[in-house]
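Below: one structure, written as structure tokens.
The values are calculated or read from the model by the stated rules, or taken from the named source; none is laboratory data. Since the structure is predicted, the reported quantities are computational estimates derived from the model, not experimental observations. Every residue, glycine as well, gets a Cβ built from its backbone with ideal geometry; the counts of neighbours run over all protein chains shown. In case anyone asks, the SASA skips ligands and DNA or RNA and just uses the protein heavy atoms, side chains included. Shrake-Rupley method; radii C 1.70, N 1.55, O 1.52, S 1.80 Å.
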Amino acid sequence: MFSFMIQKVARIPLTGVVLPALLLLAQPAAAQDKVNEAQTLNQRGLQLYQQGNLPLALDSFKGARDADPRNAEYPNNMGICYLQMGQLDKARESFGAAIKLRPELALYRLNVGLVALREGDLPAAAKAFEEATSRDNKNYEAFFHLGLARYQNREFDKATKAWEKAVKLR
């Protein structure tokens, strides 16, 4: 009877049934492997960033983004490297990618404001910092930098209000 079962099973076209099922079973594990790879690359990038090796840190963050393109932290980390290296267009692009993935987070808008501040685009900087404070009204850095942008734009009353809020948060 056992050999009969083997003969019967052998006649079933395996490629139409079993292979798709195997692919479905393999996808979650493969996806988790990519997430794990991305986390490892991100950790390595953070270590390299702390050591001051921005080009290698950037490469690690790019690898993390490529392995897990749905995680906003990785393009944000790339943007920080680009900002530190003075590549402001690439920094803005990376922060924009992070915002698309997680529009509710204030941090990424804060970083866009830092790019604009570095470029001397004070209205754009203030707008980005205001967007950050509207998403997180307890973000000290967003209020501090909003005050700085307003002050540099000679909007002293608005700068004072932003700084007062920052001091209360500190």
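Can you find even one residue in the range 71-81 that is at pLDDT 95 or above, over 23 Å from GLN39 (Cβ atoms) and charged (D, E, K, R)?
no
Considering the range 112-132 alone, what residues qualify as being in a helix (DSSP H, G or I), surrounded by fewer than 22 Cβ atoms within 10 Å (Cβ to Cβ) and of a type outside the set (A, V, I, L, M)?
ARG118, GLU119, PRO123, LYS127, GLU130, GLU131
Name every residue in the range 29-59 that is surrounded by 15 or more Cβ atoms within 10 Å (Cβ to Cβ) and of a type in the set (Asp, Glu), in order of residue number.
Result: GLU37, ASP59.
Could you tell me whether TYR140 is over 25 Å from ARG102 (Cα atoms) and of a type in the set (Ser, Thr, Tyr)? Before you say what the answer is, go through the steps one by one.
Values: over 25 Å from ARG102 (Cα atoms): no; of a type in the set (Ser, Thr, Tyr): yes.
When the stated conditions are applied, TYR140 does not pass them.
Let's see how each residue does on (1) open to solvent by 50 Å² or more (accessible area, probe 1.4 Å); (2) farther than 20 Å from SER134 by Cβ; (3) not charged (D, E, K, R):
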{"residue": "PHE61", "(1), (2), (3)": "no, yes, yes"}
{"residue": "ARG65", "(1), (2), (3)": "yes, yes, no"}
{"residue": "PRO75", "(1), (2), (3)": "no, yes, yes"}
{"residue": "MET78", "(1), (2), (3)": "no, yes, yes"}
{"residue": "ASP89", "(1), (2), (3)": "yes, yes, no"}
{"residue": "PHE95", "(1), (2), (3)": "no, no, yes"}
{"residue": "LEU101", "(1), (2), (3)": "yes, no, yes"}
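Can you name the number of the only condition in (1) in a helix (DSSP H, G or I); (2) within 21 Å of ARG70 (Cα to Cα) that GLU104 fails?
The one condition GLU104 does not meet is (1).
Residues of the range 26-40 being over 13 Å from ASN71 (Cα atoms) and modelled with pLDDT of 95 or more, which ones?
The answer is THR40, and nothing else.
Looking at PHE156, is it touching a helix residue (DSSP H, G or I) at 6+ places or on another chain (Cβ under 9 Å) and either modelled with pLDDT under 95 or open to solvent by 20 Å² or more (accessible area, probe 1.4 Å) (or both)?
Details: touching a helix residue (DSSP H, G or I) at 6+ places or on another chain (Cβ under 9 Å): yes; either modelled with pLDDT under 95 or open to solvent by 20 Å² or more (accessible area, probe 1.4 Å) (or both): yes.
Taking the combined requirement at face value, the residue satisfies it.
Hey, does the range 93-100 have a residue that's modelled with pLDDT of 95 or more, part of a helix (DSSP H, G or I) and more than 27 Å from LYS34 (Cβ to Cβ)?
Here is the first cut: in the range 93-100, the residues modelled with pLDDT of 95 or more are 93-100.
Adding the requirement that they be part of a helix (DSSP H, G or I) leaves 93-100.
Subset that is more than 27 Å from LYS34 (Cβ to Cβ): none.
No - not one qualifying residue is present in the range 93-100.
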